[in-house]
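Below is one structure, written out as structure tokens; the observations come after it.
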Amino acid sequence: DQQVKQNSPSLSVQEGRISILNCDYTNSMFDYFLWYKKYPAEGPTFLISISSIKDKNEDGRFTVFLNKSAKHLSLHIVPSQPGDSAVYFCAASGTGANNLFFGTGTRLTVIP
Amino acid sequence: DTAVSQTPKYLVTQMGNDKSIKCEQNLGHDTMYWYKQDSKKFLKIMFSYNNKELIINETVPNRFSPKSPDKAHLNLHINSLELGDSAVYFCASRGSGGHTEAFFGQGTRLTVV
């Protein structure tokens, strides 16, 4: 039973435009959400996170939005750059819980 | 200096063999994980290990067993390898408190022939 879902396996965006990656979760006990970026033949690397007490967190070109009522979060990248082309994973964990659950990933391609 | 390192990076072996993948972290983290990324690219948690407490994903076959000689190491042992075990295995570590990120190793691509 997959608790974190990314329904778009791929996304293509023109350089300079906004990329929006979406993630849905089912477990209402999740209170911390993360986005990871993964290049081929490498491990996932942490990008940005958000606590459930916030609805937005921004770090440079990356912004994560959280809608708790909809159990939905999104990652906005603006402006998108060719180097952003990678697979992006959404992840979630609950208070005091060790497990970190990942979505299936979205492959972002930024077209120069 | 690599924060989470796992060896080997590639492992090719025959069906029925027993193999191990090693993982070490130098971040002082209390929690370590093993994830499996299969052909569908889904990152599935296999185990989490925190202060000697092992939490096992119930769908993981008992041919897979984690071994932690100390807090900095969590090795993965696989007995009687099967073709379906072919995947990329990632080790990760995470600090305590819940609201922290996990750091991943570079992955081990296991191919069972």
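Taking the Cα atoms of segment A:61-112, report the difference between the largest and smallest coordinate on each principal axis, in whole Å and largest first.
Each principal axis gives a Cα extent; for segment A:61-112 these are 42, 21, 16 Å.
How much length would be gained if the chain were fully extended between A:Glu15 and A:Ser28, taking 0.36 nm per residue of separation minus their Cα-Cα distance, in nm to one decimal?
1.1 nm
Considering every residue in B:40-47, what mean count of other chain Cβ atoms within 10 Å of its Cβ is obtained?
Per residue, the number of nearby Cβ atoms from other chains is 5 on average.
Radius of gyration and Dmax for chain A's Cα atoms, expressed in Å?
Values for chain A (Cα only, Rg and Dmax): 13.4, 43 Å.
Considering Cα pairs under 8 angstrom that are at least six residues apart, work out the relative contact order of chain B and quote it in whole percent.
After rounding, I find 38 percent.
Please list, or write none, the lysines whose alpha carbon is within less than 20 Å of the alpha carbon of B:Lys41, excluding same-chain residues fewer than 8 places away.
Partners within reach: A:Lys5, A:Lys37, A:Lys38, B:Lys9.
Out of all DSSP beta bridges with both ends in the protein assembly as shown, state the antiparallel percent to the nearest 5.
90
Along the Cα→Cβ direction, 7 angstrom out, place labels at B:Gln106 and B:Ser5. What is the inter-label distance in nm?
Calculated label separation equals 1.0 nm.
Give the cysteines in the protein assembly as shown for which no other Cys Cβ lies under 4.7 Å away, or write none if there are none.
Unpaired cysteines in the protein assembly as shown: none, every one has a partner Cβ under 4.7 Å.
What shape does the protein assembly as shown have by the C-alpha gyration tensor, where a ≥ b ≥ c are the square roots of the eigenvalues, rounded means a/c under 1.5, and otherwise prolate means a/b greater than b/c and oblate the rest?
Prolate is the answer for the protein assembly as shown, as a/c is 1.5 or above and a/b outweighs b/c.
Positive end of the dipole of segment B:1-66, charges at C-beta (+1 Lys, Arg; -1 Asp, Glu), about the Cα centre: which of B:Met15, B:Leu54, B:Ala3 has its Cα farthest in that direction?
Of B:Met15, B:Leu54, B:Ala3, it is B:Met15.
Where the convex hull is taken over the Cα atoms of segment B:9-48, what is its projected area averaged over directions, in nm²?
4.1
When only alpha-carbon atoms are used, what values of Rg and Dmax, in angstrom, describe segment A:18-59?
Spelled out, the Cα radius of gyration and Dmax of segment A:18-59 are 12.1, 35 Å.
Counting other beta carbons within 10 Å of each residue's own, what order do B:Phe103, A:Phe46, A:Phe89 fall into, fewest first?
A:Phe46, B:Phe103, A:Phe89
Other chains' Cβ within 10 Å of B:99-109 residues: what's the mean?
Taking the mean over all residues of the peptide, I get 6.
Please turn the phi angles of segment A:34-45 into ³J(HN,Hα) values with the Karplus equation 6.51 cos²θ - 1.76 cosθ + 1.60 (θ = phi - 60°), one per residue in order, whole Hz, x for glycine and proline.
9, 10, 10, 10, 9, 9, x, 6, 10, x, x, 10
For segment B:5-39 and segment A:23-54, what is the separation of their Cα centres, given in Å?
What the calculation gives is 22 Å, centre to centre.
Counting only Cα, what are the radius of gyration and maximum Cα-Cα distance Dmax of segment B:53-113, in Å?
For segment B:53-113, the Cα-based Rg and Dmax read 13.2, 41 Å.
What is the log10 of I(q)/I(0) for segment B:14-75, computed with the Debye formula using one identical point scatterer on each Cα and no solvent, at q = 0.18, 0.22 Å⁻¹?
Each listed q corresponds, in turn, to -0.71, -1.00.
Coordinate-derived values only; no laboratory data. Just so it is clear, the model here is predicted, and its values are computed rather than measured. Virtual Cβ from ideal backbone geometry, glycine too; neighbours counted across all protein chains shown.
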